Amino acid sequence: MDTTALALIELGAILFALGMLGRVAGRFGMSPIPLYLLGGLAFGSGGVFEMQAATEFGHLAGEIGVVLLLLLLGLEYTAAELVTGMRRSWLAGLLDIVANATPGVVVALLLGWGVVGAVTMGGVTYISSSGIVAKVLNDLGRLGNRETPVILSILVFEDLAMAVYLPILTMVLAGVGFAAGLKSLGIALLAITVVLVVALRYGRYVSAIVDSNDNEVFLLKLLGAALLVAGVSAALNVSAAVGAFLLGIAISGSTATQAAKLLEPLRDLFAAIFFVAFGLSTDPGAIPPVLGWAILLAVVTTLTKLGTGWWAAQRQGIRRMGRARAGAALVARGEFSIVIAGLAVSMGGVDGQLAALASAYVLVMAVLGPIAARLVEPTVRFFQRDKPVVDPGATADPIGR
């Protein structure tokens with residue numbers, strides 16, 4: 001069969017399967033990320049149906065998916081919100097880094113993956129999934145709760161931390177020298193500073209450049225700018241994802257709102273392909289040997305995220321139920337953990353088992369996160385059944401939603 005025809009057939013089959021998996025996930029009120037990863041494992045080398053003809057497209061589409069994920073994330077924030085979030089949550093953010101990156105670092109060192117593996121796994125276990133957390137808060141009607149600003153401020157801190165972490169990871173994976181590494185990090189920090197200053201003072205001009213009343217022209221300019229910035233960032237070893245994130249921050253106001261509306265369907269499509277592409281690059285046979293480590297990490301980092309959210313909410317004067325909800329909301333890991341692992345795998349700087357461990361870990365945490373958020377209230381009530389109290393951590397109804 002002609003190579004192009006085969007690639008189209010395989011790609012069509014993958015996209016259709018993704019749609020069916022997404023529908024199943026929606027039926028059960030869960031994130032589709034675990035099912036997308038499972039789909040990639042099923043279609044890749046060693047899977048049930050091996051589809052190699054579409055792999056090249058999947059890799060490029062996956063890279064675009066990462067760019068769109070980070071661009072849309074940047075569009076959600078204004079520079080002022082980022083600065084305010086940093087001031088409000090820096091102490092909780094530091095605790096979050098230490099408590100949740102350390103388990104990944106320790107496991108990587110125990111498995112003999114060295115400094116590169118440790119830096120990679122630290123990022124995988126550290127960052128919560130903003131997408132899953134936001135969806136869960138919305139689904140459970142908790143956006144108006146007192147603990148929600150605490151949760152969002154920690155997520156903002158994590159996203160900004162990624163803007164510093166990803167260039168460091170890229171530098172470590174590339175094996176550059178100390179001087180070159182400092183140069184790359186300096187460029188990244190300078191870029192972040194410049195973008196924040198520009199966004200604060202001149203954001204309307206950046207928005208005006210990409211804005212257009214014609215949706216087609218607007219989309220072409222926006223997507224083109226995102227890919228250009230991402231490509232230049234990657235060439236400077238700053239990370240394509242960071243470049244896209246910073247561009248999103250620089251766009252503000254109604255332009256950012258319209259951009260998010262236009263890009264969301266593209267983001268969802270290419271992000272789904274990204275998760276499948278990561279699954280395609282992972283050998284399912286490599287998962288069983290690291291499954292025990294994945295479960296151990298899941299247990300430990302669930303407890304550390306619960307502790308982080310509890311402590312951060314307590315500092316804001318929120319009582320027990322609100323603290324528990326804050327911790328449970330942060331449990332989910334997802335897209336950014338896979339972005340980190342995918343970057344490491346694509347650059348060939350880590351042990352092949354790391355991708356398997358990251359896949360298994362995210363599969364567990366992306367499912368466990370929403371479940372923890374739903375079960376936290378009845379669990380706390382069970383342990384407090386002899387001490388009924390009115391929880392000011394919620395602003396909705398008397399049952400604490």
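The values are calculated or read from the model by the stated rules, or taken from the named source; none is laboratory data. Small disclaimer: the values here were computed from a predicted structure and weren't measured. No Cβ is skipped: glycine too gets one built from the backbone with ideal geometry, and neighbour counts run over all protein chains shown. Each accessible area value is taken on the protein alone, full model and side chains, heavy atoms only, with ligands, DNA and RNA left out. Shrake-Rupley method; radii C 1.70, N 1.55, O 1.52, S 1.80 Å.
A few notes on this one:
- Using a Förster distance of 41 Å, the FRET efficiency for Phe383-Ile168 (Cβ separation, nearest 0.05): 0.50
- Charge dipole of the chain about the Cα centre (unit charges at C-beta), most positive-ward option of Val299, Val345, Ala179: Val299
- Projecting the Cα atoms of Leu37, Ser254, Ile64 onto the charge dipole of the chain, computed from C-beta unit charges around the Cα centre, puts Ser254 farthest toward the positive end.
- With each label modelled as a point 7 angstrom along the Cα→C-beta vector, the Lys183-Thr3 pair spans 3.7 nm.
- Phi to ³J(HN,Hα) by Karplus 6.51 cos²θ - 1.76 cosθ + 1.60 over region 105-119, Hz, x for Gly, Pro: 4, 4, 5, 4, 5, 5, 7, x, 8, x, 5, 4, x, 5, 5
- Rounded to two decimals, the Cα-based Rg/Rh of region 104-228, with Kirkwood Rh, is 1.06.
- With every protein chain in place, region 107-150: carbon and sulfur % of accessible area (1.4 Å): 67
- Summed over the residues of the chain and divided among them, the accessible surface reaches 44 Å² per residue at a probe radius of 1.4 Å.
- In sequence order, calculated HN-Hα J values of region 86-93 (Karplus, 6.51, -1.76, 1.60; Hz; x Gly/Pro): 5, 5, 6, 10, 4, 5, 5, x
- Phi to ³J(HN,Hα) by Karplus 6.51 cos²θ - 1.76 cosθ + 1.60 over region 329-341, Hz, x for Gly, Pro: 5, 8, 5, 4, 10, x, 4, 6, 5, 6, 4, 5, 5
- Relative contact order computed over the chain (Cα-Cα under 8 Å; 6+ residues apart), in percent: 29
- Dipole of the chain, positive direction: furthest Cα of Pro378, Leu140, Val24, with charges on the beta-carbon: Pro378
- A crude spin-label estimate for the pair Gln314 and Leu190, with each label 7 Å from Cα along the Cβ direction, gives 4.3 nm.
- Only Lys, Arg (+1) and Asp, Glu (-1) charged, at Cβ; region 291-373 dipole about Cα centre in debye: 620
- When Rg and Dmax are taken over the Cα atoms of the chain, they come to 20.9, 71 Å.
- For region 158-277, with all protein chains in place and a probe radius of 1.4 Å, 69% of the accessible heavy-atom surface sits on carbon or sulfur.
- For region 86-121 and region 352-370, distance of Cα centres in Å: 16
- Our helix-only sum for the chain, with -39,500 (n - 2.57) per DSSP H run of n ≥ 4 divided by its residues, gives a mean residue ellipticity at 222 nm of -27000 deg cm²/dmol.
- Computed over the alpha-carbon pairs of region 282-344, the distance histogram in 10 Å steps reads 20, 36, 27, 14, 3 percent, short to long.
- Charged-residue dipole, Cβ positions (Lys, Arg, Asp, Glu), the chain about Cα centre, Debye nearest 20: 1600
- Ser212/Asn138 FRET efficiency (R0 41 Å; Cβ-Cβ; nearest 0.05): 0.85
- Distance between the pseudo-spin-label points of Met86 and Leu228 (7 Å out from Cα toward the beta carbon): 2.7 nm.
- Per-residue packing, averaged as other Cβ atoms within 10 Å, sorts the ranges 243-252, 200-209 into the order 243-252, 200-209, beginning with the highest.
- Computed extension length for Met20-Tyr205: 62.4 nm, one decimal, from 0.36 nm per residue of separation with the Cα-Cα distance subtracted.
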